[in-house]
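Peer 1: Below is one structure. I have some questions about it.
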Amino acid sequence: MTPEQIIKSVVSAIIAFVIPTALKKFWPETEKVEKLPWLKWCIAGFIGGALGGIGSGLMAPTPEGIGNWAVYGAALGIFQWYALRGYRSVGVWFIFASMLGWMLFPFGGPVWGWVVAGLFIGVFQSLTLSGTKNVFWWIPANIIAWALAGLVGYQVGLLIIGTNPVLAWVIGWGVVGLVGNIILLYPLKMLKEKE
């Protein structure tokens, strides 16, 4: 890992801590909801994915850039965390779990990276969901979700790239976040608070 990648990763970690802390202070958690906030979760996936794509794109993206993946994971994790507040007990470690999982993408290469990221996102996030029943299913669900989301987002980006490469980048990453979150809806619904 280069010094530049380390700096990007540290900056992502700081962002992953500061933003939720500020949100909790200025925008307190709503009351507990029993029903899965599916629309909020899906919108969070698209916005988090798109903003993560913008952030990583501004950092001169490279497929092996661990720092770029950290930025993407932090952005997506922040929006997922925000969408789940009030529905499940998720702390800021959920965001760090997303960031750390995405940072491992380069170790799988351009094809298997989606599976590697999904595996570690699932493992790390399941550790943060310790007060939850059926948490084991979160791991394979993330593997499937991010492998399929990567394929769909990549194809959508390719469809647009001839028209506007920047828009293709942003929408492609937004679609990755959206599709991943849509696939995770059912496993998310199966997670139950331990009594």
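Peer 1: Along the Cα-to-C-beta direction of Glu193, a point sits 7 Å from the Cα; which residues of the stretch 112-142 have their amide N less than 18 Å from that point?
Peer 2: 128-135
Peer 1: Taking the 0 to 90 degree range and rounding to the nearest ten, how far is the long axis of helix 93-103 tilted relative to the main principal axis of the chain, both from C-alpha atoms?
Peer 2: The helix 93-103 is inclined about 30 degrees to the chain.
Peer 1: Evaluate 2.2 N^0.38 Å with N set to the residue count of the stretch 6-67, then give the Cα radius of gyration divided by it.
Peer 2: Normalised Cα radius of gyration, the stretch 6-67: 1.41.
Peer 1: Let me ask something else about it. Among Ser56, Ser126, Ser12, what is the fewest-to-most ranking by other Cβ atoms within 10 Å?
Peer 2: Final ranking by Cβ density, sparse to dense: Ser126, Ser56, Ser12.
Peer 1: Taking only Cα atoms, what is the 0 to 90° angle, nearest 10, from helix 165-183's long axis to the longest principal axis of the chain?
Peer 2: Result, in degrees: 30.
Peer 1: With no solvent and one point on each alpha carbon, what is the Debye value of log10 I(q)/I(0) for the stretch 1-130 at q = 0.19, 0.20, 0.21 Å⁻¹?
Peer 2: -1.04, -1.14, -1.24
Peer 1: Once you have the Cα-Cα distance between Leu23 and Val10, take 0.36 nm times their residue separation minus that, and quote the gain in nm to one decimal.
Peer 2: Extra length available between Leu23 and Val10 comes to 2.7 nm.
Peer 1: I'd like the distance between the alpha-carbon centres of the stretch 105-179 and the stretch 49-93, rounded to an integer number of Å.
Peer 2: Each part's Cα centre sits 11 Å from the other's.
Peer 1: Projecting each Cα onto the charge dipole of the stretch 1-125 (Lys/Arg +1, Asp/Glu -1 at the beta carbon, about the Cα centre), which of Val116, Gly91, Ile7 comes out farthest on the positive side?
Peer 2: Gly91
Peer 1: Let me ask something else. Can you check what the Kirkwood hydrodynamic radius comes to for the stretch 39-100, Cα pairs only, in Å to one decimal?
Peer 2: 11.6 Å
Peer 1: At 7 Å along Cα-to-Cβ for each site, give me the label-to-label distance between Leu151 and Leu185 in nm.
Peer 2: For the pair Leu151/Leu185, the computed spacing is 2.0 nm.
Peer 1: Any chance you could get the radius of gyration and Dmax over the Cα atoms of the stretch 58-195, in Å?
Peer 2: 14.7, 53
Peer 1: Looking at the chain as a GNM with Cα springs under 10 Å, which of Leu185, Leu51, Leu167 has the largest mean-square fluctuation?
Peer 2: For the chain, modelled as a Gaussian network with Cα springs under 10 Å, the answer is Leu167.
Peer 1: Report, in degrees rounded to the nearest 10, the 0 to 90 angle that the Cα long axis of helix 3-26 makes with the longest principal axis of the chain.
Peer 2: Orientation of helix 3-26: about 40 degrees from the principal axis.
Readers should treat all values here as calculations from the given coordinates under stated rules, not as data from a laboratory. Since we're looking at a predicted model, the values are computed, not measured. No Cβ is skipped: glycine too gets one built from the backbone with ideal geometry, and neighbour counts run over all protein chains shown.
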